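Report on one structure; see the data block that follows.
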């Protein structure tokens, strides 16, 4: 009888902890950065399942978008906007490293001094489009984007990383199954995205178009966005039944998976299921040898947004998520 009471009490504690955890993840929040007036608004993305990929009947569908398969994901947070030049330059300049935030998470502890710093760019990496307030960062490599996440994790005590391909598409769809999160008609894209049709060949301040149903802005267009995954054109053919939290940890520099399309792309490349792999031409004009691991010279149309994962990997595994 006494043993049964102890088991009952333990089960109650576990249940309460799980309920608290789910309640916590259901709340949006704003991440401050110690020593800076800048912050990052984070949107709570609910756990759930969705059909990843596109229907064979979807207009302009690519073969790499199929077959459709069911993916199940745990809850996480995603940044409301694409990361801006202002935010990224905090990482490049590192002047706020020693300044602690008013409150710091306890998900993990990393020595911030041990994190590699990005090189100062030797030319204007915006290629004349600007780095002023609210403009999304571009021309950064996937490694650089991941190292920003590692730096932010050290600053805040929370585990930040790039989204997986599956997390990105799930978040972009926000419960939809159409070509875009607002429907199938590309003529409506003007209201939701910067594309080749309306961008005047430049990116724009984040958050100017309508968000999706979960409150995320610029998931279509503006700058395309890095994900964690190595890009494999036929990876969907290897998935059977329900796939839990798929990820293809990158082991080769090329190609890496990019999602969302950009200001430089036609509407078909902005679809929720559209996939793109990076290539060496994105560094074509880099005069260095070896070429920079931090900067591209010919991909100002590629930036990133971040996720916070409440499930912190083991110490032996965590660097896989930061590109090391």
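Figures for the structure shown
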{"read-out": "Hey, residue 72 part of a loop (DSSP other than H, G, I, E, B) and surrounded by 15 or more Cβ atoms within 10 Å (Cβ to Cβ) or not", "value": "no"}
{"read-out": "Unique match (being surrounded by 15 or more Cβ atoms within 10 Å (Cβ to Cβ), in contact with a strand residue (DSSP E or B) (Cβ under 7 Å, 6 or more places away or on another chain), on the phi < 0 side of the Ramachandran plot and assigned to a loop (DSSP other than H, G, I, E, B)) among 82, 41", "value": "82"}
{"read-out": "All strands (runs of 3 or more DSSP E) inside region 166-281 with 3 or more residues being farther than 18 Å from residue 301 by Cα", "value": "242-244"}
{"read-out": "Where residue 319 falls short, out of the listed (1) under 17 Å from the mean Cα position of the chain (by Cα); (2) at pLDDT 95 or above", "value": "(2)"}
{"read-out": "Failed item, numbered, when residue 295 is tested on (1) under 20 Å from residue 125 (Cβ atoms); (2) out of contact with any strand residue (DSSP E or B) (no Cβ under 8 Å at 6 or more places or on another chain)", "value": "(2)"}
{"read-out": "Condition met for residue 323 (closer than 20 Å to residue 193 by Cβ and either touching a helix residue (DSSP H, G or I) at 6+ places or on another chain (Cβ under 8 Å) or surrounded by 16 or more Cβ atoms within 10 Å (Cβ to Cβ) (or both))", "value": "no"}
{"read-out": "Answer residue from region 296-320, given it is in contact with a helix residue (DSSP H, G or I) (Cβ under 9 Å, 6 or more places away or on another chain) and over 30 Å from residue 105 (Cβ atoms) and is surrounded by the fewest Cβ atoms within 10 Å (Cβ to Cβ) among those", "value": "298"}
{"read-out": "Check on residue 108, in a loop (DSSP other than H, G, I, E, B) and in contact (Cβ under 8 Å) with a residue 60 or more places away in the chain", "value": "yes"}
{"read-out": "So residue 34, is it surrounded by 14 or more Cβ atoms within 10 Å (Cβ to Cβ) and more than 27 Å from residue 183 (Cβ to Cβ)", "value": "yes"}
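Okay, residues lined up against (1) in contact with a helix residue (DSSP H, G or I) (Cβ under 8 Å, 6 or more places away or on another chain); (2) under 27 Å from residue 235 (Cα atoms); (3) surrounded by fewer than 16 Cβ atoms within 10 Å (Cβ to Cβ); (4) in contact (Cβ under 8 Å) with a residue 24 or more places away in the chain:
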residue: 123; (1), (2), (3), (4): no, no, yes, yes
residue: 128; (1), (2), (3), (4): no, no, yes, no
residue: 133; (1), (2), (3), (4): yes, no, yes, yes
residue: 139; (1), (2), (3), (4): no, yes, no, yes
residue: 142; (1), (2), (3), (4): no, yes, no, yes
residue: 151; (1), (2), (3), (4): yes, no, no, yes
residue: 154; (1), (2), (3), (4): yes, no, no, yes
residue: 166; (1), (2), (3), (4): no, yes, no, yes
residue: 169; (1), (2), (3), (4): no, yes, no, yes
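The values are calculated or read from the model by the stated rules, or taken from the named source; none is laboratory data. Please read all numbers here as calculations on a predicted model, not as lab measurements. Reconstructed Cβ throughout: ideal geometry from the backbone, glycine too, with neighbour counts over all protein chains shown.
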